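The structure appears right after this line, and notes come after that.
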Amino acid sequence: MDLATNYLGLRLKNPLVAGASPVSRDLDTVRALEDAGVAAIVLASLFQEEVDHQLAAHAHFAEFGAYSSPEALTYVPARDYTPRHPDAYLEHLRQAAGAVDVPVIASLNGATAGGWIEHARMIEEAGASAIELNVYHVAADPGRSAQQVEDLYVEVLRAVKNTVGIPVSMKLSPYFSSLAHFARRLDKEGVDGLVLFNRFYQPDIDLNELTVVPNLSLSAPHEMRLPLRWIAILDPLIEASLAASTGVYTSHDVLKLLMTGADAVMLVAVLLRHGPSIVADMLHGIEDWLHVNEYLSVHQLQGSMNHRACADPSAFERANYVKALQSYCG
Amino acid sequence: MRKRPLVTLDGNEAAAYVAHRLSDVIAIYPITPSSPMGEWADQWSAENRPNLWGTVPSVTEMQSEAGAAGAIHGALQTGALATTFTASQGLLLMIPNMYKIAGELTPTVFHVSARTLATHALSIFGDQSDVMSVRGTGFALLASGSVQEVLDNALIAHAATLEARVPFLHFFDGFRTSHEVMKIELLDDDDFRAMVDDRLVRAHRARAMNPERPVLRGTAQNPDVFFQAREAINPFYAACPDIVQTTMDRFARITGRAYHLFDYVGHPEAERVIVMMGSGAEAAHEAIDFLTARGERVGLVKIRLYRPFDGKRLVESLPKAVRTVAVLDRTKEPGSLGEPLYQDVLTALVEHAQTNGNRFDRLPRVIGGRYGLSSKEFTPAMVKGVLDEAATSNPKNHFSVGILDDVSHNSIAYDPTLHTESDDVVSAVFYGLGSDGTVGANKNSVKIIGEETESYTQGYFVYDSKKAGSVTVSHLRFGKRPIRSTYLVQQAHFVACHQPTFLDRLEMLDKVIRGGVFLLNTAEPADRVWSSLPREVQAQIVARELRFFVIDAYRVAKEAGMGGRINTIMQTCFFAISGVLPRDEAIEKIKGAIRKTYAAKGETVVAKNFAAVDQTLANLHEVRVPVSDVTGRSRPPTVSPEAPEFLRQVTARMIEGRGDELPVSAMPLDGTFSTATAQWEKRNIAQEVPVWDAETCIQCNKCVLVCPHAAIRAKAYPPDTLDAAPGTFKATAARGKEYVGLRYTLQVAPEDCTGCGLCVEICPAKNKRETRLKAINMAPQAPLREAERENYRFFLDLPELDRRTLKTGTVKGSQFLLPLFEYSGACAGCGETPYLKLMSQLFGDRAVIANATGCSSIYGGNLPTTPWTVNAQGQGPTWSNSLFEDAAEFGLGFRLAIDKQAEFARELLTRMRETIGDALVDAMLSADQSGDAGIMVQRERVAELKGRLAQLNTAEAMNLAAVADSLIGRSVWIVGGDGWAYDIGYGGLDHVLASGHNVNILVLDTEVYSNTGGQMSKATPCGAVAKFATAGKPSQKKDLGQMAMAYGNVYVASVAMGANDNHTVQTFVEAESFPGPSLILAYSHCIAHGINMRAGMKQQAAAVDCGHWLLYRFDPRRTATGLNPLQLDSHEPHLPLKAYMSSENRYQMLMQSDPKRAGDLMARTQDAIRERFREYARRAKTDGDGKAPAATPSTPPTHAVASAS
C-alpha cells in the first residue's frame, strides 16, 4: 500500500505528522515518534513572546537596583546570562534533525513580525526541513479591521519567505471573517502550506481568587469536524498544501481528512494522551481500511470528497448546519 | 614605546585584573569597597579565563576575612601563587595570619581598597586607618594614588614580592580610587612576562610543604631562640626597598611609566614640601603644579613604598632647600605623638641628622596633620592651606585640614574658592536617582569618550545611604591631559538634574561656572517651567548667567517603551548640549554603545533605546531665562520647624548634602544619637501611594503587617475623637467583637511611603463591582500629598488602643500596636523590615538590640536619621552595632550586663527592704513580667522606687537608683542577616545558643550578602546564581535551624511572613517568651533575588509551597508536658520546585544560560527538599511518650562551652 504523500514539497512516507507540542521537546521521544511511524515531526514551538519576554526580563534584572547604594553597585554577577532559549531550541532542532530520517519542521510562534526573520534564519541554518509559522493573534483591538489583521499575517509570511529557502507553512485560527478569501491570499503570497487550525489558550476564572487564569484543554474528537469542513472547501481553491490539526484521534479521522483534501494530518492530543506508540496502530488502521476498500494509495483517496469532488458540496456550507440540526432533531 | 590598549576601568578592576593574571589560588570575602575585586576574580575564573601560565585560578569564597587569610596562608605554604582582596574590618581580621605569612618570608600580594576602621561609627568610605593598623605585621605596604597606578603597582608588587620574599599589601583609597573610572593604558601578557621571573615562581614552589621532602614549619619556640629567629629576617627587609626600586625601574623600561619609592614633584628648590600617599597626592600634585607655575617654591613627595620605610631615600627625595615638611596622614591615632607617617618622616630626618647627614643646611621643621578621614574631600585648596600654614613662623602641628574643629581648634584655615583645574577640562555633574539609571549612563559616557576619542576621562559617583529613592551624584571630567583631580567637581560646565523633586531638596547650582548649562528633567513645558522653580534656583540661574534646558524625559521614556529608565535620554541630552563631541558623532557613538551593551538582550531592547535617542532631540528645549523675574516660591524647610533642635541644626544639613559644613562641636562626643529621627525626613519618593477603600476593606490589617516602612497603619478608636478630623479623613465602623462601638481607619503616610505596592498585593479583599480593585489601590501621590499629610498627622494623634487588651499574638491585634521602627531607607518592598517592625510593635518598648553589620545596620543606623523610634512615653528600642562578626556575642554581653545589674538591684532591694518598704520590694522581686501588663506595672513600681530613693541621700540608694531600670524586663534582640549568622558570625552565634542565656536572635535570611551586592552565603540555595557563585551554587543551603535544635534547649523557629503571617506573629511571641536562647530564621525576599518586589510576599509563599523554606517551631518547653518540641507548620510541598525557581531571576539566569547544569542542580535540590521535609515530618511525629523519635539532649548544655585555652 502506498501511503506516501506530498506536504510542503516534502515527500512524506505517510500522512501522519507529529504536530507541534511538548511531546517533541525530548530527543528520545522524537526518536520514538519516528520508530512508531510518523512521517514528519513538527517540533514544539519557539515562542517569540517568550524569547522577547526573557530577554527583556534579563535586561531588566541585570540593572534592577543597580547603582543605588555605594556598597551594592549591582546585585547580579557581571557575567552575561543572556537567555539561551533560542540557542537551546536551535540545538534541540539540530539534534532532532540529526537523530531521525524523517523531516523535522520547526514551529515559530509569535504575535508580531519583529524578530521572526532572525529566528527563521537561525532555524533554517539549524537544519529544519520547513518552518511552520504560528501567528498567535487574538483580534481584540477594535481599532484594527479584519483587513489589517490579515495584513499582519501576510507581512509575517513575506518577511519569512524572503529570508529562508525552506518551505514555510502557516498555522491559522478558524476565526477569520472570510477564511477562503484569506487562504487564497496567502496562497498567492506563496505560502507552502496551511495548517488548520491552531488552538488558543482559553481563559478561565478562579472563583476563589477572582482572577482570570489561562487554560489549555486538549482537543476532543468531535472538533475534527472543523478542519474537515475547511479543508474540503479550501482544497480545490489553493495550490498550497493543507494539513489538518485538531481532534484527530483515530485512523478513521485521518481517512476522512485525507478525503477532504488534507496532504498531512497533525497528531497532537492523541500523542499527549497515548504516547508515540499510537501512531503504529493508526497506520495499521489506515492501511486496513484502504486495503479493505480497495484503494491503492493515499494519493487516490486525497481530495476525493472535497468541496468540488463530493456529491453534495453544499453540505460543507451553510446547508450543512441546517441538515445537521434536522438530523439531530429527527 | 609599544602602544597598548586604552581602556576605562576603576581601581578595583585594575587591581583584580593583575591579581587574577598572576595568581593560581584566590580566597575572597565580600567587604565594601573591595568586594568588586573578588567579584571580578570569581567571574573571570567562572569564564575560564586563564592566568599568565595558562591555568584558570581557583577562586574560593570563605566564611570571613579571617578565613580568607587562613586559606591564603595555607595555599602559600603549599606552593601556590595566592592572593586576596579586602579592606577595613576585613583587614583587621587578617592580621594574625599576616604576621605569620610575613614571619615565614612568604611572597604574596594582598590588594586593599583602604577604608576607615569603625570607631565611634562604622564608615564604608576611604582612609588609610586600616592599612596603618597592619604596619607592624611585616608586610610591605605599597601605595597607589590613581587607577593607572593601581594597575602598575599591582604588577610591581606581584613581581617584587617573589624576589624580596616579603609579602606585599598593595593599597589604594577606597571609593576615590577603587570606584573611580578612568581611562588608562592596559598592561598585556608581554608586560607580565617581562616583569615576573618564572625562576622566582619556581623557587617559591620549591619552598612549599611537600611530603616528598617534608619540613616542619609553624613551630612553637621558647625564650632561648625566638628572639634570634625573629631577627634572622632582617636582611630581607633591608634588601626589599632596593628590590622594589629595581622592579619599578624595570617597569619603567617596559612601559615608560617611571615610579620611585618616593616621587618628588614641584619646585627644585622648594622650601615647603608636603609628604603624603594615596589619592590625595594626586590632588596635591595638581595644586603643586598650579602653585609652582605661579612661582611658589613648593613641592610634594608621593610615597609609594611605605613599608619597609626607606628613610634614606625619603631624605634624598626632599629638595635641599626645604625648610618645612608638612606630613599628611589619612588616619588618626588618638593619644600618639603624631600620626604614623608624620612620625616616620620625623624619625627619618632626625636619623639623617644623627648620622651626620648634610643634605640640608638646617634640619627642616616637620609638621603633621590629618586629612580626608572617611573619604572627606581633599582639594587643592586644602593643599594650599597646608602650605600656607607651613609658611608661617610658628605653624600649627598635629593639625587637621578639611573640617572646622571648633573644639580642639586643631584645624587650619584654607580658601575654598581656589580652583586649580586646567581650563581645557570639561566638567559635568548629574543628580539622579539610583533607580533611573543615571550612574550607568554616565559610566557609559566616560567609556564612549575615553575609548573613542583622544580625551582623558574621569568618572566618580557619590551615593547617599538610602536604598530606596537614593540620590546619586555623578562627577565627570573630560580633558586633553591626564586628570589628577581626585576630588569632586567644583567648577562644573554642565549640571543636570534628573529629578525635579531635587529642586526643593538639594543645592545643585552652587558649583556651576558662570555661563554654564543647567539641564532639568521636568514635566513642565519650556514656556512654563520658570515659574515652577524655587526662587533660590531662579536666582542661581540668573546670577550665573546659565543656559537652561528642559526635557520631559519620563514622557519620552514612556513613549519609547523604556518605562522609568531615563538614562539614555539624559545621556543624549548631555552629548547634544555639552559639545564634548560633535552632536552627530556623539549620537552615532551613543547608538554604537547601546548596540554593544544591549545587542545580546535582543533587538527589542536596542530598538527602544534607539527610539529614546531619536525622540530626545525633538523634545529637548532651551528655556528663555527671564532675568528680571526671580519671584518663585521659596524652598520648603528641609525638616519641619517642629523638629527637635539637633534635627533642625545638624541633621538637616546632612539631609541637604551639606554635612561637610558642620563643625566638630556639632557632633556627639561618643557616637551617640537620639532615635525617633526618620519621622522628620520626609522624602516623598513614591510616585504612587495606596488609597483606602473603606467599604471593600475587611480590616484584616495584613497590609499594615507587610508594609516595610510602617507607612500604612490601622487604628480603632472612639468615635468622639473624630470631631476635629480633616474633611477628607476616612473612617468606618470597626469590625470584630473586641472593637464594637469603635471607628476604624487605615491611613497612609504619603510622604514616607515608597510606593512598593506590597500592601496592595497582600490585600485579600476585592471590590465586588470591579475585581481589579482591592481595599487599597495605588494612585498618584502628588495630588494626594497635601490632604493625606494632614490626615496622617491627625491619625497619629488619635488614641492608641490599650496594648494590654489586644490579642497581640494575631495579625490583626498586633497591627494595632504602635510600630517603633518606621520610614527606614530600606529598599522599596524590603522583605526584612516587616519582621523588625513586628518585633518593635510587640517588644520595642523594652528592646535592646545588637545589630550585626549589614542591610539592617545600614537602614537601621546609617546617618542622617534612624527608623528606630519611641512611644508616647519616650520608651523604645535602644540599638547598637558592634561589628559584622560579633553581633551574637555583643548581644550576649547586653544580656549579661542587664542580668547582672538586675541581680544587683534585687540585692540592693533586699538590703534596703526596711527603708523602701516590704510591699514594694516584694512586689518588685516577685513581679510577673511575662506580658505587657506585668511590664507596665513594674515600670510604675520602678518609678515609685526611684521617687522614694530620691529622698534618700545614701550611697546605696543612689546605687540602686542607677540600676533600678534593670528591674524592668528587657527584651534582648540580636539581629543580622544570613552572611552574619551562617558565615562570619556563626561561631559566636553557636556559642551564644549554647550559653542558655535569654536572648532572641532574629536572622533576616535573604540567602545572600544583600548589603554588599548579593554575594553567596551558606544560606544561598543550590542552583541560585549569586556573586561568587556565578555558575550557580552547587551545594545545598545550610540547615541552621537543624543545627540549633541539636542543642535541645534552644527555641528555634522558621517563618515566612508571606506564607503564613499568623504563624510569624505567633512565633515572635513564643520566641520572646522563651526564657533561654531563641532563634528565628525569617525568610526575607530581597532585591537580589531578581523578583518583582511588589510580589515579594507571594514569592515567600511560593518558597514554602515548594518546600524550599519550611515553617516550623521547636519549643523545648513542650517536652515538659510530654509533647514533641518540634511542630512542623508547613504542609507537604505541593508546588514543583521548578515553578518556584522559574519565578525568580536568580535561578532563571542559570536555567536560561546553562539549562543542563540548572536542571541537574534543580533535580538534586528537589531530592534534598523532599528528604528534608520527610526528616522534619518524621521528627515532628510523636512516639508513645510524645517526644520526638530523634530526641535531642534534654539537658541544656549550659556548661558545655569551655573557654579556649
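The values are calculated or read from the model by the stated rules, or taken from the named source; none is laboratory data. Nothing here was measured: the structure is a model prediction, and the numbers come from that model. With ideal geometry, Cβ positions are generated from the backbone for all residues, glycine too; neighbour counts draw on all protein chains shown. Only protein heavy atoms, including side chains, enter the accessible area calculation; ligands, DNA and RNA are left aside. Shrake-Rupley method; radii C 1.70, N 1.55, O 1.52, S 1.80 Å.
The table below gives the values:
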item	result
Some residue of region A:41-61 being within 12 Å of chain B (Cβ to nearest Cβ), closer than 30 Å to residue B:463 by Cα and open to solvent by less than 20 Å² (accessible area, probe 1.4 Å)	yes
Helices (runs of 4 or more DSSP H) contained in region B:230-333 and holding at least 2 residues free of Cβ contacts under 8 Å to residues at least 12 places away in the same chain	B:234-255
From the options A:65, A:37, residue that is at positive phi and within 10 Å of chain B (Cβ to nearest Cβ)	A:65
Among the residues listed as A:81, A:89, the single one being among the hydroxyl-bearing types (Ser, Thr, Tyr), at the interface with another protein chain (Cβ under 9 Å from one of its Cβ atoms), buried (at least 21 other Cβ atoms within 10 Å of the Cβ) and on the phi < 0 side of the Ramachandran plot	A:81
Residues of region B:759-775 satisfying the condition of being out of contact with any Cys (no Cβ under 7 Å at 6 or more places or on another chain) and more than 10 Å from chain A (Cβ to nearest Cβ)	B:760, B:761, B:769, B:770, B:773
Breaking point among (1) among the charged types (D, E, K, R); (2) within 34 Å of the chain's Cα centre (by Cα); (3) not assigned by TED's automatic domain parsing to the domain that holds residue B:551, for residue B:595	(3)
Options B:599, B:586: the member that is open to solvent by less than 10 Å² (accessible area, probe 1.4 Å), farther than 21 Å from residue A:67 by Cα and modelled with pLDDT under 90	B:586
Selection count, region B:828-885, where residues are among the small types (Gly, Ala, Ser) and not in a helix (DSSP H, G or I)	12
Residue in region B:466-477 that is nearest to the other protein chains (Cβ to nearest Cβ), counting only those that are open to solvent by 10 Å² or more (accessible area, probe 1.4 Å) and either out of contact with any Leu (no Cβ under 7 Å at 6 or more places or on another chain) or among the acidic types (Asp, Glu) (or both)	B:467
Entirely in region B:1059-1142, the strands (runs of 3 or more DSSP E) that have 2 or more residues that are at pLDDT 95 or above and buried (at least 22 other Cβ atoms within 10 Å of the Cβ)	B:1078-1083, B:1112-1114
Count of region B:1024-1054 residues which are touching a Phe, Trp or Tyr at 6+ places or on another chain (Cβ under 6 Å) and in a loop (DSSP other than H, G, I, E, B)	2
Check on residue B:74, free of Cβ contacts under 8 Å to residues at least 24 places away in the same chain, in a loop (DSSP other than H, G, I, E, B) and small (Gly, Ala, Ser)	no
Residue tally, condition touching a helix residue (DSSP H, G or I) at 6+ places or on another chain (Cβ under 7 Å) and among the small types (Gly, Ala, Ser), over region B:1089-1127	6
Condition broken by residue B:127, with the remaining ones in (1) of a type outside the set (Lys, Arg); (2) within 14 Å of chain A (Cβ to nearest Cβ); (3) open to solvent by less than 10 Å² (accessible area, probe 1.4 Å) satisfied	(2)
Matching entry among B:734, B:710, B:716, B:678 (being in contact (Cβ under 8 Å) with a residue 24 or more places away in the chain, under 30 Å from residue B:1056 (Cβ atoms) and outside the structural domain of residue B:784 (by TED's automatic domain parsing))	B:678
Among the residues listed as B:494, B:502, B:548, B:518, the single one being surrounded by fewer than 23 Cβ atoms within 10 Å (Cβ to Cβ), of a type in the set (Phe, Trp, Tyr) and not in a helix (DSSP H, G or I)	B:548
